[in-house]
Amino acid sequence: MTKTAAILAVGSELLAGQIVNGNAAWLSTRLGELGFIVTTHLTVDDIEADIVTAIEELTARVEVLFITGGLGPTSDDLTRNAVASWAGLSLSFDSSSWDHVKAQLARVGVAVPEANRQQCFFPSGAQVLTNSAGTANGFSLKTKGKEIWVLPGPPREIEAIWDDHIGAALGERVPLNERRTTKMWRMIGKGESHLAELITPVVKGHDVGIAYRVHAPYVELKVSFPTVDSDKHAQLCQQLTELLKPWLFETDQQDTPSQLADLLKSYPSVAIIDMATQGHLAELLTGHLREIADTRDILLQTQWRVTQKPPRDGVTDALDRAPKFALVLAVAGVDASGNWVLGWRVNGQSFLAEYAAPFKHTVHRSRTLKAIAALAAKSWHSALSTVS
């Protein structure tokens, strides 16, 4: 039987809307890849009784429970106490975790507060999960016929503990013949209802799950089925790919901004000049560029108000104004005809390409500007992939 899981997040900052719970999404994705079915996401305050109640409710429904947050050194970090209370166990001090805390803080030149000793108490019999990215070790506990994994709140630390301890431990838990495969198509330029009219007749009669997700500027189609039936549904997936090709942006795990950043590593200096998207291109690329900026000169410039020239002239000027950069990428915004222009200069040669704006009736609205940012990244990736 496929295993079920739930994710419990602890933290008043989540309930107040100060932080979006990206941890639950990240964990759900990882668990789904391993064949688990995540049935519930739940968030509670930093109140021990509330955490205990949530654990009781969730463990009554699922076999595996993940808890994030509340493992810090302050008085409102009560997750370990709540787990121990629910399990009927005492808390025990782990000296190796105290050594870990001192080593982590010494590494960054910080004195060790006595309050951090709180992070070294775990329910008796729990397996400590060393946190290579922070001071708060996690832990796992098997009791009452359930399995609980307790993790700190920072996303980077959750990812480190998953990679070091959890992924391998859970990797073979769900047999391949009980897992499901989900195929994804991400489109730009056609609305959800119009796409559904095309897709519904194609998938009718096939024993697959269908789901749509809209997040501007994309519409995503997801088709799921038992992994053992992959060959059976291969023709359907190919048919959908051909059907959606005019609007297809990405499939499955493709990540265009990351792939573009990988190509930019080949150039010692890169200028990206955006006269089209009002900052959406910067939002799309900044995190990826930050990862490579320490080894090359990166300029990401948004100057959409600077020029009133036609897009083609604006891009040409931008390519000419950045002579010191080994690679120059430029995009200029929608003109009266609904067109936008993309340019790039590499190896001393300049190239221009003109495109019709998606969503022509909303050419200056956020959805269209986000679409242009995404399509610019994809077009640059395609162009640079062919450069020898």
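The values are calculated or read from the model by the stated rules, or taken from the named source; none is laboratory data. Worth saying up front: this structure is predicted, and the values here are computed from it rather than measured. Please note: Cβ atoms are built from the backbone with ideal geometry, for glycine as well, and neighbour counts cover all protein chains shown. To get the accessible areas, we keep the full protein, side chains included, count just its heavy atoms, and leave off ligands, DNA and RNA. Shrake-Rupley method; radii C 1.70, N 1.55, O 1.52, S 1.80 Å.
Below are the figures for this structure:
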| item | result |
| --- | --- |
| Radius 15 Å from Cβ of Glu192, net charge of other residues (Lys, Arg +1; Asp, Glu -1) | +3 |
| Mean shadow area of the range 28-68, taken as a quarter of the surface of its Cα convex hull (nm²) | 3.0 nm² |
| Cβ-placed point charges (K, R +1; D, E -1), dipole of the chain about Cα centre in debye, nearest 20 | 1000 debye |
| Local electrostatic count at Gly35 - Lys and Arg +1, Asp and Glu -1, tallied over other residues with Cβ under 12 Å | +2 |
| Label-point separation, Lys102 to Thr29 (7 Å along Cα→Cβ), nm | 3.9 nm |
| Whole-number D in µm²/s for the range 78-125 (Stokes-Einstein; Kirkwood sum over Cα pairs; 20 °C, 1.002 mPa s) | 186 µm²/s |
| Residues whose placed amide H lies under 5 Å from that of Ser92, excluding near-sequence neighbours | Phe122, Ser124 |
| Of (1) -0.30; (2) -0.37; (3) -0.45, the label for log10 I(q)/I(0) by the Debye sum over Cα atoms at q = 0.07 Å⁻¹ derived from the coordinates | (3) |
| Evaluated over the range 1-141, the Cα radius of gyration and Dmax, each in Å | 15.5, 50 |
| Fraction of accessible area attributable to carbon and sulfur, the range 146-246 (%, probe 1.4 Å) | 49 percent |
| At most 13 other Cβ within 10 Å, DSSP loop - trypsin sites (Lys or Arg not before Pro), the range 59-121 | Arg61 |
| Neighbour net charge for Ser224 - beta-carbon separation under 14 angstrom, K R +1, D E -1 | 0 |
| Charge dipole (the range 183-265, unit charges on Cβ, about Cα centre) - positive-most of Ile199, Gln259, His233 | Ile199 |
| Dimensions (Å) - the range 309-388, Cα atoms, principal axes, largest first | 38, 27, 16 |
| Phi to ³J(HN,Hα) by Karplus 6.51 cos²θ - 1.76 cosθ + 1.60 over the range 288-300, Hz, x for Gly, Pro | 6, 5, 4, 5, 10, 5, 6, 10, 7, 8, 10, 10, 10 |
| Residue pairs, from the table Lys3/Lys232; Lys324/Lys378; Lys190/Lys245; Lys265/Lys370, whose Cα atoms sit over 19 Å apart | Lys3/Lys232; Lys324/Lys378; Lys265/Lys370 |
| For Thr181, residues with placed amide H under 5 Å, excluding near neighbours | Phe225, Thr227 |
| Per residue, in Å², the accessible surface of the range 253-384 once ligands and nucleic acids are set aside, probe 1.4 Å | 48 Å² |
